[in-house]
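K.L.:
Please find one structure pasted underneath; my questions will follow.
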Amino acid sequence: MSQITLYLDDATQALVEQAAQANGLSKSRWVSEMIRKYAAHEWPQDCLALAGRFADFPLREEGSASQPADVPRLDF
């Protein structure tokens with residue numbers, strides 16, 4: 001198992017300690033779970049479960065009006 005060193009300010013350290021204790025986990029386990037949760041490259045299961053649930057959801061057809069320039073494009 002690898003080890004890393006994190007340098008945290010006092011306020012952040014307190015947040016880690018509180019969150020780990022509230023979840024009944026060690027600080028190492030809590031940080032590991034947060035890294036897995038936020039660094040994953042997949043959609044959460046509860047989000048995936050919504051796929052196809054909205055039959056009347058309008059999807060943009062290819063070749064339709066282009067998106068305004070001030071709206072960021074999200075390509076997944």
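The values are calculated or read from the model by the stated rules, or taken from the named source; none is laboratory data. This one's a predicted model, so the numbers in the text were calculated from it and none came from an experiment. All Cβ positions, even for glycine, are placed from backbone atoms using ideal geometry, and neighbour counts span all protein chains on display.
K.L.:
Tell me the helices (runs of 4 or more DSSP H) entirely within the stretch 1-52 that contain at least 1 residues that are surrounded by 10 or more Cβ atoms within 10 Å (Cβ to Cβ), without any contact (Cβ under 8 Å) to a residue 40 or more places away in the chain and in contact with a Phe, Trp or Tyr (Cβ under 6 Å, 6 or more places away or on another chain). Break it down into steps so the answer makes sense when it comes.
P.N.:
Working: elements: 10-22, 27-39, 45-48.
Hits in the stretch 1-52: 10-22.
K.L.:
Another question about this same structure. Is it true that residue 71 is within 22 Å of the chain's Cα centre (by Cα), of a type in the set (A, V, I, L, M) and at pLDDT 85 or above? Talk me through it step by step, then tell me what you get.
P.N.:
On the way: within 22 Å of the chain's Cα centre (by Cα): yes; of a type in the set (A, V, I, L, M): yes; at pLDDT 85 or above: no.
For residue 71, the condition - within 22 Å of the chain's Cα centre (by Cα), of a type in the set (A, V, I, L, M) and at pLDDT 85 or above - is not met.
K.L.:
Select from the stretch 35-57 the residues that are of a type in the set (Gly, Ala, Ser) and under 9 Å from the mean Cα position of the chain (by Cα) and write down the one among them that is nearest to residue 4 (Cα to Cα).
P.N.:
Start the filter on the stretch 35-57 by keeping residues that are of a type in the set (Gly, Ala, Ser), which leaves 39-40, 49, 51-52, 55.
Next, from what is left, pick out any that are under 9 Å from the mean Cα position of the chain (by Cα): 39-40.
Working: 39: 16, 40: 19 Å.
Checking each candidate, the answer is 39.
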